[in-house]
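Below is one structure, written out as structure tokens; the observations come after it.
The values are calculated or read from the model by the stated rules, or taken from the named source; none is laboratory data. These figures come from a predicted structure and were not determined experimentally. As a convention, Cβ positions derive from the backbone with ideal geometry for all residues, glycine included, and neighbour counts pool all protein chains shown.
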């Protein structure tokens with residue numbers, strides 16, 4: 001294979017290098033395109049543009065492959081924990097038993113949040129969305145925990161601090177929104193156990209941890225831990241490229257994840273299933289509407305920007321969903337509707353031809369609902385899961401020897417040169 005491609009324009013030939021990834025992915029390096037030709041590329045939505053080289057996550061949308069640091073997500077979901085997967089993403093390898101134990105101690109040590117932060121939470125309007133609150137509060141962490149002395153110390157302590165505190169902050173926002181007493185993290189509980197206890201424990205009714213719920217949450221967070229250069233991850237990298245601190249960069253990622261076409265999709269799935277159930281449970285009407293080009297209705301939880309066959313996370317989530325509802329003896333009519341929708345859509349020529357297969361959001365909302373997570377907290381759950389991936393991507397960008405501040409170009413289509421007209425002549 002040639003190590004370059006040729007671009008011919010007006011009789012002149014330009015050679016552009018070809019970059020090949022470790023899995024055989026190929027890219028045309030256009031770093032010097034504008035300098036040598038005067039041209040830029042136009043790629044709305046960046047669907048065909050590579051913004052960086054990364055060793056964190058590999059995806060193959062055509063084959064339905066997702067791996068973290070080379071390890072298939074299926075193996076991690078089956079055998080790993082969210083804490084161990086976080087270490088893998090951030091540090092580039094699986095931890096030893098000693099390293100994992102030290103990591104756990106650090107997470108416990110940094111899990112409390114400053115008491116003064118409660119005042120901020122309590123002064124948000126009650127109708128505020130938890131994602132807006134979380135984004136603001138993560139950004140505010142920089143004021144409570146100023147810059148450390150060395151870059152290495154800054155990264156290690158700040159990373160651990162964020163991972164530890166985000167679950168506490170999320171649970172705190174939920175408790176305060178309901179007017180309940182804040183529950184503090186316990187040193188005897190693991191990462192996922194601590195979060196569920198902080199969410200649901202009360203002085204009058206102690207929360208009883210259920211292994212199935214803990215494991216379902218563990219798998220949910222593992223499957224959401226990273227997903228290559230998606231909207232929110234790109235936001236973290238773009239903001240971080242200005243050498244912005246980690247708190248502000250993560251805050252930007254949370255804001256991007258808030259969008260209904262990104263992190264808000266699992267909430268939209270449950271709302272859609274609820275609407276179908278409320279209208280008599282006839283899911284076939286939803287199928288008909290989804291195929292009607294003149295109807296703005298969309299079948300939420302189907303299709304993906306990258307996966308063109310199936311989302312490997314959806315297969316794992318479906319099994320976990322069945323297992324959880326069976327273990328908890330929950331009869332959920334929304335799950336019945338979801339299964340019927342999936343069965344029809346997988347055989348319908350329209351959905352097959354348009355690659356509209358169920359994605360991870362299709363079943364994750366039902367899992368969160370079964371655990372007891374309120375719908376408006378679904379996207380917050382996604383954010384907690386995605387945090388280690390955002391941190392890993394920010395850290396990799398910081399260490400990239402080819403770092404450049406992100407500054408996309410554009411094709412201008414506005415008015416040509418004109419002149420200012422004084423007010424009296426307009």
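Brief remarks follow.
- The range 228-253, subset closer than 23 Å to residue 307 by Cα and touching a helix residue (DSSP H, G or I) at 6+ places or on another chain (Cβ under 6 Å), residue surrounded by the most Cβ atoms within 10 Å (Cβ to Cβ): 253
- Residue within the range 191-210 that is part of a loop (DSSP other than H, G, I, E, B) and either in the same structural domain as residue 45 (by TED's automatic domain parsing) or in contact with a helix residue (DSSP H, G or I) (Cβ under 6 Å, 6 or more places away or on another chain) (or both) present: yes
- Members of the range 53-70 found to be touching a helix residue (DSSP H, G or I) at 6+ places or on another chain (Cβ under 8 Å) and either surrounded by 16 or more Cβ atoms within 10 Å (Cβ to Cβ) or assigned by TED's automatic domain parsing to the domain that holds residue 237 (or both), listed by number: 54, 56, 57, 64, 65, 66, 67, 68, 69
- Among the numbered conditions (1) more than 23 Å from the chain's Cα centre (by Cα); (2) within 24 Å of residue 77 (Cα to Cα), the only one that residue 348 does not meet is (2).
- Residues that are surrounded by 13 or more Cβ atoms within 10 Å (Cβ to Cβ), in a loop (DSSP other than H, G, I, E, B) and on the phi < 0 side of the Ramachandran plot within the range 283-318 comprise 297, 298, 299, 300, 304, 305, 306, 307, 308, 309, 310, 311, listed in sequence order.
- Selected residue [touching a helix residue (DSSP H, G or I) at 6+ places or on another chain (Cβ under 9 Å) and either closer than 21 Å to residue 393 by Cα or in a helix (DSSP H, G or I) (or both)] from 136, 119: 136
- Filter result for residue 184 (closer than 10 Å to residue 111 by Cα and either in the same structural domain as residue 129 (by TED's automatic domain parsing) or at pLDDT below 95 (or both)): yes
- Residue under evaluation residue 102, criteria (1) free of Cβ contacts under 8 Å to residues at least 12 places away in the same chain; (2) part of a loop (DSSP other than H, G, I, E, B), criterion not met: (2)
- Residue check, residue 35 without any contact (Cβ under 8 Å) to a residue 24 or more places away in the chain, exposed (fewer than 12 other Cβ atoms within 10 Å of the Cβ) and either under 30 Å from residue 157 (Cβ atoms) or under 21 Å from the mean Cα position of the chain (by Cα) (or both): no
- Residue match in the range 146-163 (condition: out of contact with any helix residue (DSSP H, G or I) (no Cβ under 6 Å at 6 or more places or on another chain), over 15 Å from residue 391 (Cβ atoms), surrounded by fewer than 21 Cβ atoms within 10 Å (Cβ to Cβ) and touching a residue at least 60 places away in the same chain (Cβ under 8 Å)): yes
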